[in-house]
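To start, the structure itself, in structure tokens.
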Amino acid sequence: QVRLVESGGGLVQAGGSLRLSCAASGRTFSMYSMGWWRQAPGKEREFVAAISQSAGTTYYADPVKGRFTISRDNAKNTVYLQMNSLKPEDTAVYYCAANAGAASSRYYEYESWGQGTQVTVSS
């Protein structure tokens, strides 16, 4: 499995931006498609975005389309989530995850998870 460590979370006002990073180690990063997920208090973990191994394919959940951008740098073993125009409803713990298959929004296809980073958006 690949080990994942997220960073970049914090407190931001509505309308602001944050960039999350997820550093991978332990296995060949470029073998994995990557995803970002989030979990708000009292809610189930939900899909945010995914990117293929070569970065040629990306998927986004409807609530973040046009505001969030997923990207990756295979030379740095890192995946990013640029979050713009943040809303209070984006408040959650954000997790990155690795999938040995194609980019996906299916939770069960992800085999490795980070510990998460808190994002709080104030109104």
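The values are calculated or read from the model by the stated rules, or taken from the named source; none is laboratory data. What you are looking at is a predicted structure, and each value in this text was computed from that prediction instead of being measured. These accessible areas exclude ligands, DNA and RNA; they are computed on the full protein's heavy atoms, side chains included. Shrake-Rupley method; radii C 1.70, N 1.55, O 1.52, S 1.80 Å.
Close amide H partners of G101, meaning residues 5 or more places away or on another chain with modelled amide H under 5 Å apart, are S33. Rg ratio for the chain: its Cα radius of gyration over 2.2 N^0.38 Å, N being its residue count, equals 0.97. Per-residue 3J(HN,Hα) values for segment 32-48, derived from phi via the Karplus relation 6.51 cos²θ - 1.76 cosθ + 1.60 with θ = phi - 60°, read 10, 6, 10, x, 10, 10, 9, 9, 8, x, x, 10, 6, 5, 10, 5, 10 Hz in sequence order (x marks Gly and Pro). Can you give me the accessible area per residue for the chain, using a 1.4 Å probe, in Å²? Spelled out: the 1.4 Å probe surface of the chain, per residue, equals 50 Å². Whole-Hz Karplus values for segment 79-94 come out as 10, 10, 9, 8, 10, 10, 6, 5, 10, x, 6, 7, 4, 4, 8, 9 Hz, taken residue by residue from phi with 6.51 cos²θ - 1.76 cosθ + 1.60 and θ = phi - 60°; glycine and proline positions read x.
If you take the Cα centroid of segment 72-102 and the Cα centroid of segment 2-51, the two points sit 3 Å apart. Here the Debye sum runs over all C-alpha atoms of segment 1-57 as equal scatterers in vacuum, and log10 of I(q)/I(0) at q = 0.24, 0.25, 0.28 Å⁻¹ comes out as -1.17, -1.20, -1.26.
For segment 98-103, 3J(HN,Hα) computed residue by residue from phi via the Karplus equation (6.51, -1.76, 1.60; θ = phi - 60°) reads 10, 10, 6, x, 6, 4 Hz, glycine and proline entered as x.
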